[in-house]
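S.K.: Please find one structure pasted underneath; my questions will follow.
The values are calculated or read from the model by the stated rules, or taken from the named source; none is laboratory data. Quick caveat: nothing in here was measured; it's all calculated off a predicted structure. All Cβ positions, even for glycine, are placed from backbone atoms using ideal geometry, and neighbour counts span all protein chains on display.
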Amino acid sequence: MTLDSFRPKSVAWFRPFAIGAGKIGLTPDACTIIAFIAAILAGVAFYYSEVLLGALLVFLNAFFDAIDGALAREIGVAGPYGDFLDHVLDRYADVFIICGIFAGPLAPWPVGVFALTGVLLASYLGTQAQAIGVGRFYGGLLGRADRLVLLIVVGILSFFIPQMIAGMFLMGWLLVLFGILGHITAIQRFVHVIHELKQREEES
């Protein structure tokens with residue numbers, strides 16, 4: 001079970017922050033863009049091996065990414081436009097963060113490509129399930145919330161453990177984990193969608 005499975009419960013947690021964001025004049029789209037900018041800056045920070053700053057910026061990305069939807073629901077403007085913008089910028093955010101890690105000295109590029117393909121395929125299959133009418137599926141071993149939490153934790157740990165372990169920095173090993181669990185998650189989501197489609201065919 002991933003942290004994404006707690007999305008319905010997290011609505012209440014983020015509601016006070018969403019109300020506060022609305023009071024200072026932020027819109028849901030503004031929160032989405034702030035989250036995206038934080039992701040870009042996180043990628044830059046990781047590229048320059050500023051792992052603690054990178055972890056802080058990933059936290060800001062995660063925070064505003066959670067606030068945008070909560071604020072949209074709070075003021076009654078939640079809809080397809082905001083959902084589409086959020087999903088697109090989330091994917092670009094993933095690309096900037098992961099590329100920032102392996103474009104610099106923190107991880108070898110083959111490991112980075114392995115992680116990036118796993119992350120993007122898992123995300124694609126989740127949204128593709130929605131596109132064909134099965135419904136948005138957040139299941140699997142590694143969701144976006146899990147990745148962000150791991151990036152924050154390992155970013156902080158990397159500040160205190162800057163040396164290589166078994167030939168790679170901690171961030172490199174994190175990308176290995178992203179690659180393995182990302183591709184497993186993609187397979188899990190693929191199997192789920194196929195199962196749902198076959199079940200519908202049998203019922204019709």
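S.K.: In the set Ala145, Ala93, Ala122, which member is crowded, with 16+ Cβ neighbours inside 10 Å, within 15 Å of Val58 (Cβ to Cβ), modelled with pLDDT of 90 or more and touching a Ser or Thr at 6+ places or on another chain (Cβ under 7 Å)?
M.R.: The match here is Ala145.
S.K.: May I ask you to list the residues in segment 72-126 that are farther than 21 Å from Ile184 by Cβ and among the aliphatic types (A, V, I, L, M)?
M.R.: Ala72, Ile75, Val77, Ala78, Leu85, Val88, Leu89, Ala93, Ala103, Leu106
S.K.: Can you say whether Phe36 is within 22 Å of Leu151 (Cα to Cα), assigned to a helix (DSSP H, G or I) and not basic (Lys, Arg), as far as the supplied structure shows?
M.R.: So Phe36 fits the description; yes.
S.K.: Another question about this same structure. When you go through Gly139, Gly104 one by one, which is the residue that is farther than 29 Å from Pro16 by Cβ and surrounded by fewer than 21 Cβ atoms within 10 Å (Cβ to Cβ)?
M.R.: Gly104
S.K.: Being crowded, with 18+ Cβ neighbours inside 10 Å and more than 20 Å from Leu150 (Cα to Cα) narrows it down to one residue among Leu85, Leu71; which is it?
M.R.: None of the others qualify; the one that does is Leu71.
S.K.: Residues that are charged (D, E, K, R) and within 29 Å of Phe169 (Cβ to Cβ): does segment 66-87 have at least one?
M.R.: No, that holds for no residue.
S.K.: So the check is Cβ under 9 Å with 6+ separation or different chains; which pairs have a first residue in segment 41-63 that's within 22 Å of Phe17 (Cβ to Cβ) and a second one that's among the hydroxyl-bearing types (Ser, Thr, Tyr) and in a helix (DSSP H, G or I)?
M.R.: From segment 41-63, the pairs are Ala55/Ser158.
S.K.: Next question, about the same structure. Is it the case that segment 93-107 has a residue that's small (Gly, Ala, Ser) and more than 21 Å from Trp173 (Cβ to Cβ)?
M.R.: yes
S.K.: Can you pull out the residues in segment 56-68 that are surrounded by fewer than 23 Cβ atoms within 10 Å (Cβ to Cβ), among the aliphatic types (A, V, I, L, M) and closer than 14 Å to Phe159 by Cβ?
M.R.: Result: Leu56, single match.
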